[in-house]
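Inspection log for the structure reproduced underneath, given as structure tokens.
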Amino acid sequence: MRRIYPGSITSYSQFGHLKVPKSVKAVCPECRKKVDFVLKSTYQSSKHGLMTESSCPSCKHSAPFIIIMKEREEHPDVYIYDPKTMTHPLNQIEQLPRIPEELVRAYKSAVNVHQSKENSATAVLAKRVIENILKHFLSEQGRGLTLEQQFKVLPEHIDLVKPVSSLSPLLASDGALHQMLELEMDLDDEMAELIMDLLEDLIQYLFVLPGKIEITHNLIEKKLD
């Protein structure tokens, strides 16, 4: 699910005593164009909120929308179902511009055999995924090295700081983004969504991923003891 922020809701309508979104500006899950969705008024209602759908005016793809009503709050939480932005890695890696196709295929195969409870095949394909990751960054310099040795030298071949330090020029004090954050320039809907994406990416990169790796590392160690 992908959140639709209040700034991207362009009009509202009345559903009983509820004020609900009528049209929203959002990226289509199918054609990836930013379009105006007009939500159908035939809602499926539950105690938690409403569900409806809308067709993309560009590609005609029908996308489901979830509207969660909250007491004492003016704006409901609105979500569009977008499997391409779901948090599972399979739904993310194919969108990355420079990820090796061989790695994508190996990871998909590992996921498939794991879901089939084929543990021996899972082990074989998991090793292949690890080897493909290391090969991408180490290239020929990893040849002949064990997996342990390759992981030791990996930090010498990848700049883990670059994704964060590259944000510095964007936030220069005389730059447009800095002026938007300081309310010296107007922020449009699209830029607001991009900034929210950046916040999510930073939290994932600096807190969630390191924390998850540490937790998984500790669980594996505990299991091996």
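What follows is calculated from the coordinates using simple rules that are stated; it is not laboratory data. All of these numbers come straight from a predicted model, not from anything done at the bench. Neighbour counts are summed over all protein chains in view; Cβ atoms, including those assigned to glycine, are modelled from backbone coordinates with ideal geometry.
Report, in degrees rounded to the nearest 10, the 0 to 90 angle that the Cα long axis of helix 189-203 makes with the longest principal axis of the chain.
Compared with the principal axis, the helix lies near 30 degrees.
In whole Å, how far is the Cα centre of the range 145-218 from that of the range 5-74?
Measuring centre to centre over Cα atoms gives 30 Å.
Note down the magnitude of the dipole of the range 2-83 about its Cα centre, charges +1 on Lys and Arg C-beta and -1 on Asp and Glu C-beta and zero elsewhere, to the nearest 20 debye.
Result for the range 2-83 is approximately 140 debye, rounded to the nearest 20.
How large is ³J(HN,Hα) for each residue in the range 31-47, as worked out from phi by the Karplus curve 6.51 cos²θ - 1.76 cosθ + 1.60 (θ = phi - 60°), to whole Hz, x for Gly and Pro?
Values per residue, Gly and Pro as x: 8, 6, 8, 8, 9, 9, 8, 9, 6, 5, 8, 8, 7, 9, 9, 9, 5 Hz.
Add -39500 (n - 2.57) for each DSSP H run of 4 or more in the chain, then divide by its residues: what number comes out at 222 nm, to the nearest 500 deg cm²/dmol?
Value at 222 nm, helices only, nearest 500: -11500 deg cm²/dmol.
Classify the range 2-83 as rounded, prolate or oblate from the Cα gyration tensor: take a ≥ b ≥ c as the square roots of its eigenvalues, call it rounded if a/c is under 1.5, otherwise prolate when a/b beats b/c and oblate if not.
Taking the square roots of the gyration eigenvalues as a ≥ b ≥ c, the range 2-83 is prolate.
By how many degrees, between 0 and 90 and to the nearest 10, does the Cα long axis of helix 101-115 differ from the longest principal axis of the chain?
So the inclination is approximately 80 degrees.
Pairs LYS84/LYS127; LYS152/LYS222; LYS25/LYS162: which exceed 30 Å Cα-Cα?
Exceeds cut-off: LYS25/LYS162.
Suppose we keep just the DSSP beta bridges with both residues in the chain; what percent of those would be antiparallel, to 5?
Given both bridge residues lie in the chain, the antiparallel proportion sits at roughly 100 percent.
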